[in-house]
Amino acid sequence: MAGTEGKLPAIAGNGRLARNTLEKAIFHQSRRLVAEPVAALDVLLPSDLELEE
């Protein structure tokens with residue numbers, strides 16, 4: 001995508017946003033798993049994401 005620098009500020013940095021969102025979800029999942037030791041280790045729940053509306 002040569003020549004697109006500075007032309008798409010609305011979508012610039014989405015990779016960082018996605019990574020940060022996933023890292024937060026994994027953090028919240030780990031706290032939930034401490035409280036619920038029998039829960040599945042490979043499942044992220046919507047509550048783990050804590051998405052703002």
*Which length gain, in nm to one decimal place, applies between Ala18 and Glu50 when the Cα-Cα distance is subtracted from 0.36 nm times their residue separation?*
10.2 nm
*Most to least accessible of Asp42, Asp48 (protein chains only, probe 1.4 Å)*: Asp42, Asp48
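The values are calculated or read from the model by the stated rules, or taken from the named source; none is laboratory data. It should be emphasised that the depicted structure is a prediction, and the values quoted were computed from it without experimental measurement. Protein only, heavy atoms only, side chains kept; ligands, DNA and RNA dropped before computing areas. Shrake-Rupley method; radii C 1.70, N 1.55, O 1.52, S 1.80 Å.
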